[in-house]
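Participant: Below is a structure I'd like to ask you about.
The values are calculated or read from the model by the stated rules, or taken from the named source; none is laboratory data. None of these values were measured; they are calculated from a predicted model. Quick reminder, even Gly has a Cβ in these numbers, built from the backbone with ideal geometry, and neighbours come from all protein chains shown. Side chains included, ligands, DNA and RNA excluded: accessible areas come from the protein's heavy atoms. Shrake-Rupley method; radii C 1.70, N 1.55, O 1.52, S 1.80 Å.
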Amino acid sequence: MKTLKRVLATFFLYGMLGQGMAETRPGVSYQVYLTAPDGFQNAFSVHEPQEFDTEANYSVVLQSHGYGGERDKTGEDAFNAALRSQGYYVVSIDQRGHGESGAADGADIEL
């Protein structure tokens, strides 16, 4: 839960950087890597809405994957692209031991 709070804090910090400078531009995707208190890296991808206005407020969808999967790094996944086209931010998460996030207890998960 602490990691999720740190991700959201980072996300909102990035979102606040543009305040005061009204701008409409195509949305972008960027990667966020946070280290959990136990030392493991947690990987996230943040995908802005396709049309991004720095003065607007947006809803956020936290997207995860099934067992054996990994996060959407590009924002082009059909579901995420549909959400972005409707004005949502999408934060895609690599769960522990998947993709670029570290495995708990030193275990590597391979299928």
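Let's see how each residue does on (1) at pLDDT below 85; (2) of a type in the set (G, A, S); (3) in a strand (DSSP E or B):
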| position | (1), (2), (3) |
| --- | --- |
| T10 | yes, no, no |
| L13 | yes, no, no |
| P37 | no, no, no |
| A56 | no, yes, no |
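Participant: In the set Q86, Q19, which member is open to solvent by 70 Å² or more (accessible area, probe 1.4 Å) and either modelled with pLDDT of 85 or more or in contact with a His (Cβ under 7 Å, 6 or more places away or on another chain) (or both)?
Facilitator: Details: Q19 fails: either modelled with pLDDT of 85 or more or in contact with a His (Cβ under 7 Å, 6 or more places away or on another chain) (or both).
Unique residue meeting the criteria: Q86.
Participant: Tell me which residues, restricted to segment 22-52, are surrounded by 12 or more Cβ atoms within 10 Å (Cβ to Cβ) and within 13 Å of S85 (Cα to Cα).
Facilitator: Listed by number, the residues that qualify are G27, H47, E48, P49, Q50, E51, F52.
Participant: Does segment 22-35 hold any residues that are charged (D, E, K, R) and modelled with pLDDT of 85 or more, and which are they? Spell out how you get there, then give the answer.
Facilitator: Filtering segment 22-35 for residues charged (D, E, K, R) gives 23, 25.
Listed by number, the list holds a single entry, R25.
Participant: Give segment 89-111 a look and list any residue that's of a type in the set (A, V, I, L, M, F, W, C) and modelled with pLDDT of 80 or more, or say none. Before you say what the answer is, go through the steps one by one.
Facilitator: So the first thing to find is which residues in segment 89-111 are of a type in the set (A, V, I, L, M, F, W, C), and the list is 90-91, 93, 103-104, 107, 109, 111.
Residues satisfying the conditions are V90, V91, I93.
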